[in-house]
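**Student:** Okay, handing you the structure first.
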């Protein structure tokens, strides 16, 4: 029998920016995996759920504590992001953190290439400016003028129609596809033979959905929160204001609430076979029957031996599966849950969570 691949043992994790304890689709599974590396280093401006589980935390500055550039491929401006305040506490810009690590490793010259923070800001802008001239014949101001003004206009295509050349002459302007045209049936996918990704558009039964659930199940929709971006600044005023009784709001239809003995404003337990979390019930007819809506982004806060999450993070409930073997996208909305009034006394754990939120928000 042929031996399988040798498992890779990860001994160290270095995470700079981001919060996997927000976007991972099965947080209890992640928490188990997180215990295996010997050392975990997190570099972040915020004391996120990920940073709270690190062996070493390197505090990084926010964007208002350093100099930088802002822009994207579809923007008609490059913006000068000028440092507004000095770094808070012992925080350092990401560049400076990596530069100091490179120095300790003896490779600082190879990392910084002789430039400091402003040297790199200038270099990156000049590369954009040179490309605009050489490729598009568009003149952007020199760096000093740009930095003083605070912005520079980029070349854009006015009145642009997407795929206009292809529509006019498909043979002369093929698309970057296997046929050069819009693909409705894929030879590549047909050759792969994936049973969960046929070569043509098709409806496939989800792993979990109300079509094969029972009367106690609700379909979970976990949308982006209104008071923050993903999990960023979870302890900020806007984020806290969007909560109810200190927890995330779980919205459900009056019919479903009545069937489960749930009252508006009550703490409820939302659970399935993967995990459970607490949230505050908001009973509203804006949610269709059979659906429970719980926003993403609450900092993962398990508080008992059974892993009950008290902040209202829906990612203890979602499935950690890809959309298909080929796509491997996020399939968080393929999820069934149940809900009930929370009867157990969790005041001590909840008060601890509330105290942590207040401490972080006022630090």
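**Student:** Inspect the stretch 226-235 for any residue being in contact (Cβ under 8 Å) with a residue 60 or more places away in the chain, on the phi < 0 side of the Ramachandran plot, in contact with a strand residue (DSSP E or B) (Cβ under 8 Å, 6 or more places away or on another chain) and surrounded by 12 or more Cβ atoms within 10 Å (Cβ to Cβ) and give the result as yes or no.
**Tutor:** No.
**Student:** If a residue must be part of a loop (DSSP other than H, G, I, E, B) and at pLDDT below 60, how many such residues does the stretch 317-363 contain?
**Tutor:** Count: 3.
**Student:** Can you tell me which of (1) under 25 Å from residue 333 (Cα atoms); (2) in contact with a strand residue (DSSP E or B) (Cβ under 6 Å, 6 or more places away or on another chain); (3) modelled with pLDDT of 95 or more is the one residue 213 doesn't meet?
**Tutor:** For residue 213, the exception is condition (3).
**Student:** Identify all residues within the stretch 134-185 that are at pLDDT 95 or above, assigned to a loop (DSSP other than H, G, I, E, B) and touching a strand residue (DSSP E or B) at 6+ places or on another chain (Cβ under 7 Å); write none if there are none.
**Tutor:** Of everything in the stretch 134-185, those that are at pLDDT 95 or above, assigned to a loop (DSSP other than H, G, I, E, B) and touching a strand residue (DSSP E or B) at 6+ places or on another chain (Cβ under 7 Å) turn out to be 140, 141, 150.
**Student:** Continuing with this model, one more query. Whether any residue in the stretch 126-149 is in contact (Cβ under 8 Å) with a residue 60 or more places away in the chain and exposed (fewer than 15 other Cβ atoms within 10 Å of the Cβ) is what I want to check.
**Tutor:** yes
**Student:** Tell me, which residue of the stretch 46-61 that is buried (at least 19 other Cβ atoms within 10 Å of the Cβ) and without any contact (Cβ under 8 Å) to a residue 60 or more places away in the chain is nearest to residue 24 (Cα to Cα)? Give the derivation first.
**Tutor:** Step one: list which residues in the stretch 46-61 are buried (at least 19 other Cβ atoms within 10 Å of the Cβ), which gives 46-51, 54, 58, 60-61.
Still in the running and without any contact (Cβ under 8 Å) to a residue 60 or more places away in the chain: 50-51, 54, 58, 60-61.
Details: 50: 11, 51: 15, 54: 17, 58: 22, 60: 22, 61: 24 Å.
The qualifying residue nearest to residue 24 (Cα to Cα) is 50.
**Student:** If you don't mind, there's one more thing I want to ask. With the checklist (1) under 30 Å from the mean Cα position of the chain (by Cα); (2) surrounded by 11 or more Cβ atoms within 10 Å (Cβ to Cβ); (3) not assigned by TED's automatic domain parsing to the domain that holds residue 70 in hand, flag the one item residue 162 doesn't pass.
**Tutor:** (2)
The values are calculated or read from the model by the stated rules, or taken from the named source; none is laboratory data. What you are looking at is a predicted structure, and each value in this text was computed from that prediction instead of being measured. Please note: Cβ atoms are built from the backbone with ideal geometry, for glycine as well, and neighbour counts cover all protein chains shown.
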